[in-house]
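To start, I am sharing the structure in question, which I have written as structure tokens.
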Amino acid sequence: RIILPLSVPALITTAIFSFIWTWDDFFSQMLYLNSVDHFTVPLGLRLFLDSQGASSWGAVFAMSVLSMIPVIIVFFVFQKYIVDGIATTGIKG
């Protein structure tokens, strides 16, 4: 009844940061995923680029903005917990 309510903001902040870092991760998913059907958003964006530089940059930027929407939604939904988690785990003095 004492420890868990005090640690909830820190645990939620850790979960949110883990989600954001995993969502943006490129290299580990490149190592573990073999099928194009299972590629994540960053790998899909990389496949959309042409090796000779003749890609449609407007479409690449549009897909990049669309790939940021889930992270922004998670941030706004859990913004209170992020601020509480950072404020309670900081050094006080």
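The values are calculated or read from the model by the stated rules, or taken from the named source; none is laboratory data. Owing to the predicted nature of the structure, the values given are computational and were not obtained by experimental measurement. Note that we place each Cβ from the backbone using ideal geometry, even for glycine, and neighbour counts take in every protein chain shown. With ligands, DNA and RNA removed, areas are computed over all heavy atoms of the protein, side chains included. Shrake-Rupley method; radii C 1.70, N 1.55, O 1.52, S 1.80 Å.
If you place +1 on the Cβ of every Lys and Arg, -1 on the Cβ of every Asp and Glu, and leave all else neutral, what size is the dipole of the chain about its Cα centre, to the nearest 20 Debye?
For this selection, approximately 420 debye.
Let me see the P(r) profile for the chain: every Cα-Cα distance counted, bins of 5 Å, each bin given as a percent of all pairs.
Result, from short to long distances: 2, 12, 17, 16, 15, 11, 10, 8, 5, 3, 1, 0, 0 percent.
Something else now. Once you treat every alpha carbon in the stretch 1-41 as an equal point and sum by Debye, what is log10 I(q)/I(0) at q = 0.17, 0.22 Å⁻¹?
-0.58, -0.72
Sticking with this one: For the chain, take the longest principal axis of its alpha carbons; what is the angle in degrees between that and the long axis of helix 57-77, to the nearest 10 within 0 to 90?
20
I'd like the carbon and sulfur percentage of the solvent accessible area for the chain, probe radius 1.4 Å, heavy atoms only, ligands and nucleic acids excluded.
Roughly 71 percent of what the probe reaches on the chain is carbon or sulfur.
Taking the Cα centroid of the stretch 36-75 and of the stretch 1-26, what is the distance between the two, rounded to the nearest whole Å?
26
Something else: Per residue of the chain, what 222 nm ellipticity follows from adding -39500 (n - 2.57) for every DSSP H run with n ≥ 4, rounded to the nearest 500?
When only DSSP H runs of four or more count, the value is -23000 deg cm²/dmol.
Sticking with this one: Loop-only check: which trypsin sites (Lys or Arg not before Pro) in the chain are DSSP coil with at most 14 other Cβ within 10 angstrom?
Taking the chain and a limit of 14 other Cβ atoms within 10 Å, the loop trypsin sites (Lys or Arg not before Pro) found are Arg1, Lys92.
With label points built 7 Å along Cα→Cβ from the Cα atoms of Val71 and Met30, find their separation and express it in nm.
Here the answer is 1.7 nm between the modelled labels.
Let me ask something additional. Mind checking the per residue accessible area of the chain for me, 1.4 Å probe, whole number of Å²?
Ligands and nucleic acids excluded, the figure is 78 Å² per residue.
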